[in-house]
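Participant: Questions regarding the structure given below will be posed in turn.
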């Protein structure tokens with residue numbers, strides 16, 4: 001059963017959280033008033049790994065980039081506790097409860113325009129994930145992280161995507177045998193705007209009629225702020 005818990009993480013190790021993130025976070029609380037909200041800062045994440053996954057602690061703390069730890073900790077939290085993980089640059093437009101069943105886990109598919117970036121047939125994001133605890137797919141993610149050495153090429157974007165991010169997740173999904181235990185939300189439902197759409201919107205050069213049309217079925221929208229790419233660590 002999916003616990004009614006919303007998880008969000010912000011380590012506070014580089015700079016304070018932008019105000020817009022706090023505003024977007026409130027939209028998830030607004031549309032899920034009966035759900036518990038869990039905020040995870042750096043100290044809480046560190047303690048969680050040491051107390052619940054000590055066998056993964058060396059791997060976790062040895063990762064080169066902060067974003068890799070932020071990727072891994074969301075998988076561990078969902079594996080242990082379950083619930084809904086949401087990135088801070090995500091806005092909720094509607095309650096998710098009518099779209100969920102008890103036993104499946106849920107991921108969002110990236111817009112079609114992003115395939116050239118992720119280089120996968122199916123591009124799954126880890127910005128929105130919903131699951132019961134101890135789901136077998138998250139078991140497979142943890143086994144992969146434990147057994148697979150990280151190879152660095154000095155290309156931060158590719159290194160992160162391949163080791164802990166969406167490309168890793170998408171590859172594991174393609175190999176996962178029990179796909180009937182996973183539901184993939186279509187982009188028009190939870191990721192209606194592409195990165196290009198968002199950039200055009202923020203720069204005031206978007207076709208607003210087209211963007212409005214893309215929102216017709218949407219219950220959430222991801223803004224792809226890419227905070228982690230703007231930092232060297």
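The numbers here are math on the coordinates, done by the rules we state, and not lab data. Computed from a prediction, not measured in an experiment: that's the story for all the values here. No Cβ is skipped: glycine too gets one built from the backbone with ideal geometry, and neighbour counts run over all protein chains shown.
Participant: Using the basic label-point model (7 angstrom from Cα toward the beta carbon), what is the residue 100 to residue 51 distance in nanometres?
Facilitator: Roughly 2.3 nm, to one decimal.
Participant: Under a 10 Å cutoff between Cα atoms, tell me which one of 102, 214, 156 has the largest fluctuation in the Gaussian network model of the chain.
Facilitator: Maximum fluctuation in the GNM of the chain, among the listed residues, is at 102.
Participant: Round to a whole angstrom and tell me the spacing of the C-alpha centers of segment 57-110 and segment 122-176.
Facilitator: Cα centres, segment 57-110 to segment 122-176: 11 Å.
Participant: Return the single residue from 16, 136, 192 with maximal mean-square fluctuation; model: Gaussian network over the chain, springs between Cα atoms under 10 Å.
Facilitator: Sorting by GNM fluctuation, first place goes to 16.
Participant: Per 0.36 nm of contour for each residue apart, how much would the distance between residue 36 and residue 113 grow if the chain were fully extended, relative to their Cα-Cα spacing?
Facilitator: Taking 0.36 nm per residue and subtracting the Cα distance, the gain is 24.3 nm.
Participant: Order by neighbour count: 114, 183, 222, fewest other Cβ atoms within 10 Å first, most last.
Facilitator: If I rank by nearby Cβ atoms, fewest first, I get 183, 114, 222.
Participant: Please check: in the Gaussian network model of the chain (C-alpha springs, under 10 Å), which one of 103, 15, 216 has the largest mean-square fluctuation.
Facilitator: Fluctuation is largest for 15.
Participant: Quick check: residue separation of residue 195 and residue 177 times 0.36 nm, minus the Cα distance between them. What number comes out in nm?
Facilitator: So the chain would gain 3.4 nm between residue 195 and residue 177.
Participant: Can you tell me which of 23-32, 76-85 comes out highest on packing, and rank the rest after it, using the mean Cβ neighbours within 10 Å?
Facilitator: Top to bottom by mean Cβ count within 10 Å: 76-85, 23-32.
Participant: Oh, and also: Between residue 215 and residue 19, take the C-beta separation as r, use R0 = 22 Å, and let me know the FRET efficiency to the nearest 0.05.
Facilitator: Given R0 = 22 Å and the Cβ-Cβ separation, E is 0.40.
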